[in-house]
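Take a look at the structure set out below.
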Amino acid sequence: MARKSTTTVGKDTSRADKAGQRQGARILVDGLSHKFVDQQTGEVVQALEQVDLTIESGEFLTVVGPSGCGKTTLLNAIAGLVHPTGGEVSSDGAVVRGPGRDRGVVFQELAILPWRTVRRNIAHGLEIQKIPRKEREERVGYYVDLMGLSGFENAYPHQLSGGMKQRVAVARTWAADPNVILMDEPFAAVDAQTRITLQEELLRISTVSNNTIMFITHNVDEAVFLGDRVVVMTRRPGRIKALLDCPIPRSERTVDTMARPEFAAFTERVLQLVREEV
Ligand SMILES: Nc1ncnc2c1ncn2[C@@H]1O[C@H](COP(=O)(O)OP(=O)(O)OP(=O)(O)O)[C@@H](O)[C@H]1O
Ligand SMILES: [Mg+2]
(Lines give C-alpha, C1' and ligand atoms only; values in the text may rest on other atoms or scores of the structure.)
(Ligands and ions follow the chains in the order given, each with its own letter.)
Protein backbone atom coordinates (compact mmCIF):
# COMPACT_ATOMS: atom_id res chain seq x y z
CA MET A 1 0.00 0.00 0.00
CA ALA A 2 1.75 3.13 -1.20
CA ARG A 3 0.89 6.33 0.58
CA LYS A 4 2.48 9.55 -0.45
CA SER A 5 2.81 11.97 2.41
CA THR A 6 1.54 15.47 1.82
CA THR A 7 1.88 16.82 5.33
CA THR A 8 4.07 16.29 8.34
CA VAL A 9 2.08 14.12 10.68
CA GLY A 10 2.38 14.64 14.41
CA LYS A 11 4.85 17.53 14.37
CA ASP A 12 2.99 20.81 14.57
CA THR A 13 0.74 20.79 17.60
CA SER A 14 0.42 24.57 17.95
CA ARG A 15 -2.11 24.83 15.16
CA ALA A 16 -4.22 22.09 16.66
CA ASP A 17 -4.58 24.17 19.83
CA LYS A 18 -6.78 26.48 17.84
CA ALA A 19 -9.04 23.54 17.23
CA GLY A 20 -10.35 24.11 20.77
CA GLN A 21 -10.14 22.42 24.14
CA ARG A 22 -11.76 19.15 23.48
CA GLN A 23 -12.96 16.66 25.99
CA GLY A 24 -14.16 13.17 25.23
CA ALA A 25 -17.10 11.21 26.55
CA ARG A 26 -17.57 7.49 27.00
CA ILE A 27 -20.21 6.04 24.71
CA LEU A 28 -21.95 2.85 25.74
CA VAL A 29 -24.10 0.99 23.21
CA ASP A 30 -26.07 -1.65 25.08
CA GLY A 31 -28.05 -4.39 23.34
CA LEU A 32 -28.97 -2.05 20.52
CA SER A 33 -31.46 -3.32 17.97
CA HIS A 34 -33.42 -1.38 15.41
CA LYS A 35 -36.27 -2.25 13.09
CA PHE A 36 -37.52 0.09 10.42
CA VAL A 37 -41.12 -0.31 9.36
CA ASP A 38 -42.05 0.94 5.91
CA GLN A 39 -45.05 3.26 6.35
CA GLN A 40 -46.60 2.29 3.00
CA THR A 41 -45.99 -1.44 2.68
CA GLY A 42 -45.62 -2.31 6.35
CA GLU A 43 -42.45 -4.18 5.43
CA VAL A 44 -40.05 -4.59 8.34
CA VAL A 45 -36.29 -4.17 7.96
CA GLN A 46 -34.16 -5.33 10.86
CA ALA A 47 -31.22 -2.93 10.53
CA LEU A 48 -29.36 -3.73 13.77
CA GLU A 49 -29.46 -6.70 16.11
CA GLN A 50 -28.05 -6.77 19.61
CA VAL A 51 -25.10 -4.46 19.18
CA ASP A 52 -22.94 -4.07 22.28
CA LEU A 53 -20.10 -1.61 22.00
CA THR A 54 -18.12 0.75 24.20
CA ILE A 55 -16.27 3.71 22.74
CA GLU A 56 -13.85 4.90 25.37
CA SER A 57 -13.45 8.59 26.08
CA GLY A 58 -10.86 9.95 23.66
CA GLU A 59 -10.90 6.84 21.51
CA PHE A 60 -10.92 6.90 17.70
CA LEU A 61 -13.12 4.05 16.58
CA THR A 62 -13.54 3.24 12.90
CA VAL A 63 -16.42 1.17 11.53
CA VAL A 64 -16.47 -0.88 8.33
CA GLY A 65 -19.07 -3.25 6.94
CA PRO A 66 -21.09 -3.95 3.80
CA SER A 67 -23.51 -1.41 2.37
CA GLY A 68 -26.88 -1.55 4.12
CA CYS A 69 -25.57 -3.35 7.22
CA GLY A 70 -26.72 -0.62 9.60
CA LYS A 71 -23.64 1.59 10.08
CA THR A 72 -25.52 4.86 9.60
CA THR A 73 -28.36 3.56 11.77
CA LEU A 74 -25.85 2.86 14.55
CA LEU A 75 -24.34 6.32 14.19
CA ASN A 76 -27.78 7.93 14.16
CA ALA A 77 -28.75 6.07 17.34
CA ILE A 78 -25.64 7.45 19.07
CA ALA A 79 -26.45 10.92 17.70
CA GLY A 80 -29.98 10.58 19.10
CA LEU A 81 -31.55 10.89 15.65
CA VAL A 82 -32.91 7.33 15.60
CA HIS A 83 -34.83 6.00 18.59
CA PRO A 84 -33.83 2.36 18.76
CA THR A 85 -36.54 -0.28 19.01
CA GLY A 86 -34.36 -2.23 21.45
CA GLY A 87 -31.53 -1.47 23.85
CA GLU A 88 -30.06 1.93 24.52
CA VAL A 89 -27.12 4.28 24.10
CA SER A 90 -25.57 6.38 26.84
CA SER A 91 -22.97 9.10 26.82
CA ASP A 92 -20.98 9.43 30.05
CA GLY A 93 -23.74 7.54 31.82
CA ALA A 94 -26.63 9.69 30.55
CA VAL A 95 -29.09 7.83 28.33
CA VAL A 96 -29.27 9.39 24.85
CA ARG A 97 -32.85 10.47 24.15
CA GLY A 98 -32.23 12.95 21.38
CA PRO A 99 -29.57 15.01 19.65
CA GLY A 100 -27.26 17.17 21.75
CA ARG A 101 -24.53 19.71 21.20
CA ASP A 102 -22.09 17.36 22.95
CA ARG A 103 -22.33 15.04 19.92
CA GLY A 104 -21.50 16.54 16.52
CA VAL A 105 -22.29 14.71 13.31
CA VAL A 106 -20.78 14.80 9.84
CA PHE A 107 -23.59 13.26 7.80
CA GLN A 108 -23.19 10.83 4.92
CA GLU A 109 -25.47 13.03 2.90
CA LEU A 110 -24.25 16.57 2.86
CA ALA A 111 -25.62 18.87 5.48
CA ILE A 112 -24.45 22.39 4.92
CA LEU A 113 -26.59 25.47 4.75
CA PRO A 114 -27.01 26.67 1.15
CA TRP A 115 -27.79 30.27 2.15
CA ARG A 116 -24.60 30.68 4.18
CA THR A 117 -21.12 31.27 2.81
CA VAL A 118 -18.26 28.86 3.56
CA ARG A 119 -17.08 31.08 6.40
CA ARG A 120 -20.53 31.36 7.95
CA ASN A 121 -21.25 27.66 7.55
CA ILE A 122 -18.11 26.83 9.52
CA ALA A 123 -18.99 29.50 12.10
CA HIS A 124 -22.54 28.24 12.54
CA GLY A 125 -22.03 26.08 15.63
CA LEU A 126 -19.80 28.72 17.19
CA GLU A 127 -22.48 31.37 16.73
CA ILE A 128 -25.03 29.11 18.42
CA GLN A 129 -22.60 28.67 21.31
CA LYS A 130 -22.11 32.45 21.42
CA ILE A 131 -18.34 32.17 21.09
CA PRO A 132 -16.90 35.73 20.98
CA ARG A 133 -16.28 37.07 17.51
CA LYS A 134 -12.49 37.18 17.72
CA GLU A 135 -12.14 33.56 18.82
CA ARG A 136 -14.79 32.54 16.31
CA GLU A 137 -12.90 34.14 13.45
CA GLU A 138 -9.66 32.56 14.58
CA ARG A 139 -11.15 29.11 14.70
CA VAL A 140 -12.95 29.52 11.40
CA GLY A 141 -9.71 30.76 9.80
CA TYR A 142 -7.90 27.72 11.15
CA TYR A 143 -10.39 25.33 9.58
CA VAL A 144 -10.59 27.21 6.30
CA ASP A 145 -6.84 26.81 6.06
CA LEU A 146 -6.79 23.21 7.26
CA MET A 147 -9.45 22.12 4.78
CA GLY A 148 -7.82 23.89 1.85
CA LEU A 149 -10.72 26.30 1.41
CA SER A 150 -8.69 29.52 1.37
CA GLY A 151 -9.98 31.91 -1.24
CA PHE A 152 -13.49 30.43 -1.01
CA GLU A 153 -14.44 31.85 2.40
CA ASN A 154 -17.17 33.98 0.87
CA ALA A 155 -18.42 31.47 -1.68
CA TYR A 156 -21.83 29.83 -1.33
CA PRO A 157 -22.25 26.04 -1.42
CA HIS A 158 -23.65 26.04 -4.99
CA GLN A 159 -20.35 27.57 -6.12
CA LEU A 160 -18.29 24.70 -4.67
CA SER A 161 -17.39 21.25 -5.94
CA GLY A 162 -18.74 18.15 -4.17
CA GLY A 163 -15.44 17.53 -2.39
CA MET A 164 -15.24 21.12 -1.21
CA LYS A 165 -18.76 20.99 0.19
CA GLN A 166 -17.78 17.82 2.03
CA ARG A 167 -14.80 19.62 3.55
CA VAL A 168 -17.02 22.50 4.67
CA ALA A 169 -19.29 19.96 6.37
CA VAL A 170 -16.33 18.39 8.20
CA ALA A 171 -14.99 21.83 9.24
CA ARG A 172 -18.40 22.92 10.48
CA THR A 173 -18.70 19.96 12.85
CA TRP A 174 -15.10 20.12 14.05
CA ALA A 175 -15.15 23.87 14.64
CA ALA A 176 -18.07 23.50 17.07
CA ASP A 177 -15.77 21.34 19.21
CA PRO A 178 -18.17 18.67 20.49
CA ASN A 179 -17.08 15.96 22.96
CA VAL A 180 -18.11 13.25 20.57
CA ILE A 181 -17.65 13.47 16.80
CA LEU A 182 -19.64 11.07 14.66
CA MET A 183 -18.44 10.96 11.06
CA ASP A 184 -20.28 9.04 8.35
CA GLU A 185 -17.99 8.49 5.34
CA PRO A 186 -16.82 12.10 5.52
CA PHE A 187 -14.17 11.81 2.81
CA ALA A 188 -16.14 9.72 0.33
CA ALA A 189 -16.60 12.59 -2.14
CA VAL A 190 -13.06 13.96 -1.82
CA ASP A 191 -10.40 13.32 -4.47
CA ALA A 192 -7.72 10.73 -3.63
CA GLN A 193 -4.84 13.10 -2.91
CA THR A 194 -6.91 15.49 -0.77
CA ARG A 195 -8.33 12.51 1.03
CA ILE A 196 -4.86 11.41 2.12
CA THR A 197 -4.07 14.94 3.30
CA LEU A 198 -7.30 15.08 5.29
CA GLN A 199 -6.66 11.65 6.81
CA GLU A 200 -3.21 12.73 7.96
CA GLU A 201 -4.52 16.00 9.35
CA LEU A 202 -7.36 14.22 11.13
CA LEU A 203 -4.90 11.75 12.63
CA ARG A 204 -2.71 14.59 13.80
CA ILE A 205 -5.44 16.78 15.28
CA SER A 206 -7.13 13.87 16.97
CA THR A 207 -3.93 12.70 18.65
CA VAL A 208 -3.48 16.10 20.33
CA SER A 209 -7.13 16.47 21.33
CA ASN A 210 -9.37 14.28 23.39
CA ASN A 211 -12.66 13.91 21.60
CA THR A 212 -14.26 10.58 21.19
CA ILE A 213 -14.54 9.84 17.49
CA MET A 214 -16.59 7.31 15.57
CA PHE A 215 -15.73 7.22 11.90
CA ILE A 216 -17.58 5.15 9.31
CA THR A 217 -15.86 4.28 6.07
CA HIS A 218 -15.93 1.76 3.23
CA ASN A 219 -12.20 2.15 2.82
CA VAL A 220 -10.27 -0.41 4.89
CA ASP A 221 -6.93 1.42 4.45
CA GLU A 222 -8.56 4.53 5.90
CA ALA A 223 -10.10 2.57 8.79
CA VAL A 224 -6.80 1.02 9.87
CA PHE A 225 -4.82 4.22 9.34
CA LEU A 226 -7.09 6.29 11.58
CA GLY A 227 -8.51 3.95 14.21
CA ASP A 228 -7.39 2.89 17.65
CA ARG A 229 -9.77 0.03 17.03
CA VAL A 230 -11.70 -1.12 13.99
CA VAL A 231 -15.22 -2.54 14.16
CA VAL A 232 -16.21 -4.91 11.38
CA MET A 233 -19.98 -5.31 11.08
CA THR A 234 -21.84 -8.28 9.63
CA ARG A 235 -24.24 -7.95 6.74
CA ARG A 236 -27.76 -6.93 7.72
CA PRO A 237 -29.05 -7.23 10.38
CA GLY A 238 -25.90 -5.52 11.53
CA ARG A 239 -24.05 -7.08 14.42
CA ILE A 240 -20.47 -6.70 15.56
CA LYS A 241 -18.47 -9.32 13.72
CA ALA A 242 -15.06 -8.31 15.03
CA LEU A 243 -13.46 -5.59 17.10
CA LEU A 244 -9.74 -5.31 16.45
CA ASP A 245 -6.91 -3.26 17.92
CA CYS A 246 -4.77 -1.52 15.32
CA PRO A 247 -1.16 -2.66 15.83
CA ILE A 248 0.67 0.67 16.15
CA PRO A 249 -0.44 3.37 18.63
CA ARG A 250 -1.99 6.31 16.80
CA SER A 251 0.44 8.80 18.30
CA GLU A 252 3.33 6.86 16.74
CA ARG A 253 1.65 6.27 13.43
CA THR A 254 3.04 7.89 10.32
CA VAL A 255 3.01 7.20 6.64
CA ASP A 256 6.13 5.09 7.17
CA THR A 257 4.72 2.90 9.92
CA MET A 258 1.89 2.02 7.54
CA ALA A 259 4.38 0.18 5.37
CA ARG A 260 5.47 -2.14 8.20
CA PRO A 261 4.65 -5.80 7.65
CA GLU A 262 2.50 -6.09 10.79
CA PHE A 263 0.38 -3.19 9.62
CA ALA A 264 0.00 -4.62 6.14
CA ALA A 265 -0.97 -7.99 7.66
CA PHE A 266 -3.52 -6.28 9.88
CA THR A 267 -5.04 -4.45 6.91
CA GLU A 268 -5.28 -7.72 5.02
CA ARG A 269 -7.02 -9.36 7.98
CA VAL A 270 -9.64 -6.61 8.17
CA LEU A 271 -10.16 -6.79 4.40
CA GLN A 272 -10.72 -10.52 4.64
CA LEU A 273 -13.32 -10.10 7.42
CA VAL A 274 -15.17 -7.50 5.35
CA ARG A 275 -15.05 -9.62 2.18
CA GLU A 276 -16.69 -12.54 3.98
CA GLU A 277 -19.74 -10.36 4.51
CA VAL A 278 -20.13 -8.90 1.03
N1 LIG B 1 -35.64 5.49 7.31
C2 LIG B 1 -35.58 4.22 6.92
N3 LIG B 1 -36.73 3.54 6.65
C4 LIG B 1 -36.68 2.26 6.26
N5 LIG B 1 -35.55 1.53 6.13
C6 LIG B 1 -34.40 2.16 6.38
C7 LIG B 1 -34.34 3.54 6.78
N8 LIG B 1 -33.04 3.89 6.95
C9 LIG B 1 -32.32 2.80 6.68
N10 LIG B 1 -33.11 1.76 6.35
C11 LIG B 1 -32.68 0.41 6.01
O12 LIG B 1 -31.89 -0.10 7.10
C13 LIG B 1 -30.77 -0.81 6.61
C14 LIG B 1 -29.50 -0.19 7.17
O15 LIG B 1 -29.33 1.10 6.59
P16 LIG B 1 -28.07 2.03 6.93
O17 LIG B 1 -28.28 3.30 6.25
O18 LIG B 1 -27.86 2.04 8.40
O19 LIG B 1 -26.89 1.18 6.24
P20 LIG B 1 -25.34 1.54 6.04
O21 LIG B 1 -24.55 0.42 6.64
O22 LIG B 1 -25.08 2.89 6.53
O23 LIG B 1 -25.20 1.48 4.45
P24 LIG B 1 -24.23 2.33 3.47
O25 LIG B 1 -22.87 1.74 3.66
O26 LIG B 1 -24.76 2.03 2.11
O27 LIG B 1 -24.32 3.76 3.84
C28 LIG B 1 -30.87 -0.77 5.10
O29 LIG B 1 -31.46 -1.97 4.67
C30 LIG B 1 -31.79 0.39 4.81
O31 LIG B 1 -32.53 0.15 3.64
MG1 LIG C 1 -24.51 4.66 5.62
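For Ile205, the test of being assigned to a helix (DSSP H, G or I) and open to solvent by less than 70 Å² (accessible area, probe 1.4 Å) is passed. List every residue pair whose Cβ atoms lie under 7 Å apart, where the two residues are 6 or more positions apart in sequence or sit on different chains, the first residue falls within the stretch 59-79 and is closer than 18 Å to Cys246 by Cβ and assigned to a strand (DSSP E or B), and the second residue, located anywhere, is open to solvent by less than 10 Å² (accessible area, probe 1.4 Å) and near ligand 1 (Cβ under 9 Å from one of its atoms). Pairs found: Val63/Ile216; Val63/Met233. Answer with yes or no whether Thr234 is at pLDDT 95 or above, within 16 Å of ligand 2 (Cβ to nearest atom) and over 23 Å from Arg26 (Cβ atoms). Yes. Met214 meets each of the listed conditions (1) within 13 Å of ligand 1 (Cβ to nearest atom); (2) within 13 Å of the chain's Cα centre (by Cα); (3) surrounded by fewer than 23 Cβ atoms within 10 Å (Cβ to Cβ) apart from (3).
Candidates are the residues of the stretch 35-91 that are of a type in the set (Ser, Thr, Tyr) and in contact with a strand residue (DSSP E or B) (Cβ under 8 Å, 6 or more places away or on another chain); the one that is surrounded by the fewest Cβ atoms within 10 Å (Cβ to Cβ) is Thr54. The helices (runs of 4 or more DSSP H) found entirely in the stretch 97-181 that carry 3 or more residues being more than 16 Å from ligand 1 (Cβ to nearest atom) and touching a strand residue (DSSP E or B) at 6+ places or on another chain (Cβ under 8 Å) are 162-175.
Please tell me if Leu160 is surrounded by fewer than 22 Cβ atoms within 10 Å (Cβ to Cβ) and of a type outside the set (Gly, Ala, Ser). Before the answer, list the steps.
Numbers: surrounded by fewer than 22 Cβ atoms within 10 Å (Cβ to Cβ): yes; of a type outside the set (Gly, Ala, Ser): yes.
When the stated conditions are applied, Leu160 passes them.
Which of the residues belonging to the stretch 170-188 are open to solvent by 10 Å² or more (accessible area, probe 1.4 Å) and either within 16 Å of ligand 2 (Cβ to nearest atom) or within 21 Å of Val220 (Cβ to Cβ) (or both)?
In the first step, residues of the stretch 170-188 are kept if they are open to solvent by 10 Å² or more (accessible area, probe 1.4 Å); the result is 172-173, 176-177, 179, 185, 188.
Hits for the stretch 170-188 are Glu185, Ala188.
Scanning the stretch 178-194 for residues that are touching a residue at least 24 places away in the same chain (Cβ under 8 Å) and more than 13 Å from the chain's Cα centre (by Cα) returns Ala189, Val190, Asp191, Gln193, Thr194.
Do we have Val270 as more than 24 Å from Leu81 (Cβ to Cβ) and either at pLDDT below 95 or under 12 Å from the mean Cα position of the chain (by Cα) (or both) here? Answer is no for this residue. Taking the stretch 234-249, which residues are over 30 Å from His34 (Cβ atoms) and either under 19 Å from the mean Cα position of the chain (by Cα) or open to solvent by 30 Å² or more (accessible area, probe 1.4 Å) (or both)? Answer for the stretch 234-249, where residues must be over 30 Å from His34 (Cβ atoms) and either under 19 Å from the mean Cα position of the chain (by Cα) or open to solvent by 30 Å² or more (accessible area, probe 1.4 Å) (or both): Pro247, Pro249. Within the stretch 141-172, being among the β-branched types (Val, Ile, Thr) and touching an Asp or Glu at 6+ places or on another chain (Cβ under 8 Å) holds for one residue alone: Val144. The residue list Val106, Val95 contains one member that is β-branched (Val, Ile, Thr), more than 16 Å from ligand 2 (Cβ to nearest atom), closer than 29 Å to Leu28 by Cβ and in contact with an Asp or Glu (Cβ under 7 Å, 6 or more places away or on another chain), which is Val95. Open to solvent by 40 Å² or more (accessible area, probe 1.4 Å), touching a helix residue (DSSP H, G or I) at 6+ places or on another chain (Cβ under 9 Å) and within 24 Å of Ala25 (Cβ to Cβ) - does that describe any residue in the stretch 251-269? Yes, there is a match, as at least one residue in the stretch 251-269 is open to solvent by 40 Å² or more (accessible area, probe 1.4 Å), touching a helix residue (DSSP H, G or I) at 6+ places or on another chain (Cβ under 9 Å) and within 24 Å of Ala25 (Cβ to Cβ). Cβ-Cβ distances below 8 Å connect the following pairs, each with a first residue in the stretch 149-174 that is within 23 Å of Ile205 (Cα to Cα) and charged (D, E, K, R), a second residue that is in a loop (DSSP other than H, G, I, E, B) and open to solvent by 60 Å² or more (accessible area, probe 1.4 Å), and a separation of six or more residues or different chains: Lys165/Leu110. Checked against (1) touching a helix residue (DSSP H, G or I) at 6+ places or on another chain (Cβ under 8 Å); (2) more than 16 Å from ligand 2 (Cβ to nearest atom), Ile216 passes all but a single condition, namely (2).
The values are calculated or read from the model by the stated rules, or taken from the named source; none is laboratory data. Note that the structure is predicted; figures quoted are calculated from it, not measured. Positions of Cβ are backbone-derived with ideal geometry, glycine not excepted, and every protein chain shown enters the neighbour counts. Side chains are part of the model used for accessible areas, which takes the heavy atoms of the whole protein and leaves out ligands, DNA and RNA. Shrake-Rupley method; radii C 1.70, N 1.55, O 1.52, S 1.80 Å.
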